[in-house]
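Just below is one structure, and these are the notes that go with it.
The values are calculated or read from the model by the stated rules, or taken from the named source; none is laboratory data. All values reported here derive from a predicted model rather than from experimental measurement. Positions of Cβ are generated from backbone atoms using ideal geometry, with glycine treated the same way; all protein chains shown enter the neighbour counts. Keep in mind that these areas ignore ligands, DNA and RNA; they rest on the heavy atoms of the full protein, side chains included. Shrake-Rupley method; radii C 1.70, N 1.55, O 1.52, S 1.80 Å.
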Amino acid sequence: MRLTPEAFEDLVIEVLDGMPPELLELLDNVDVVIEQWPSKRQLQLFGLEQGTLYGLYEGVPLTRRDSGYQLVAPDKITIFQRPIERVCVNQKQVARQVRTTVVHEIAHHFGIDEDRLSELGWA
């Protein structure tokens, strides 16, 4: 299933717009971007192969920030379009996977690790 970059971006925006406002306020200093594919560096970082990484959080989770956290580059959440599309057969599945991926990466920003996400059914 392939979407135009604009249609895929609309899905990501829809998920973000659907988040509770009080949660969005806590996404201070976080950029959400869309890339077609993860880079080789991003894949090597986790020992993954092309097509298996749907999203990535890069930054300092809120739970690890202290008084020394100032004047730093924004955290970054990247959503990878093509890997998501590869596992989906229709737009409804793409939308569901985008939602799962965005929520998953936002959870990392809040300091929730992979084990806890698995327990919650978001891994």
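For this structure, a couple of remarks:
- Cα gyration tensor shape for the chain, rounded if a/c is under 1.5, else prolate or oblate: prolate
- Shown here is the pair-distance distribution of the range 68-123: with all Cα-Cα distances grouped in 5 Å bins from zero up to the longest one, the shares run 4, 17, 22, 19, 18, 11, 5, 3, 1, 0 percent.
- Only Cα pairs under 8 Å and 6+ residues apart enter the sum, and on that basis the relative contact order of the chain stands at 33 percent.
- Assigned charges on the beta-carbon of Lys, Arg, Asp, Glu; the chain dipole about Cα centre (debye): 500
- Residue order for Leu45, Leu62 - accessible surface, 1.4 angstrom probe, largest first: Leu45, Leu62
- Accessible area of the chain belonging to carbon and sulfur atoms, whole % at 1.4 Å probe: 51
- Summarising the strand pairing of the range 5-123, around 40 percent of its internal DSSP beta bridges are antiparallel.
- Residue among Leu45, Gly59, Val15 farthest towards the positive dipole end of the chain, charges placed on Cβ: Leu45
- Mean sequence separation of contacting Cα pairs (under 8 Å, at least six apart), scaled by the length of the range 31-102, corresponds to a relative contact order of 42 percent.
- Solvent-accessible surface of protein heavy atoms, probed at 1.4 angstrom with all chains present, puts Arg65, Arg99, Arg86 in the order Arg86, Arg99, Arg65, largest first.
- Magnitude of the charge dipole, the range 35-97, Cβ model with Lys/Arg +1 and Asp/Glu -1, debye to 20: 140
- The label-point distance for Glu6 and Lys40, in a model that sets each label 7 Å from Cα toward Cβ, rounds to 3.4 nm.
- Among Tyr57, Tyr69, the order of accessible area from largest down is Tyr69, Tyr57, computed with a 1.4 Å probe on protein heavy atoms.
- Springs join every pair of Cα atoms under 10 Å in this Gaussian network model of the chain, and among Gly47, Gly111, Gly59 the largest mean-square fluctuation is at Gly47.
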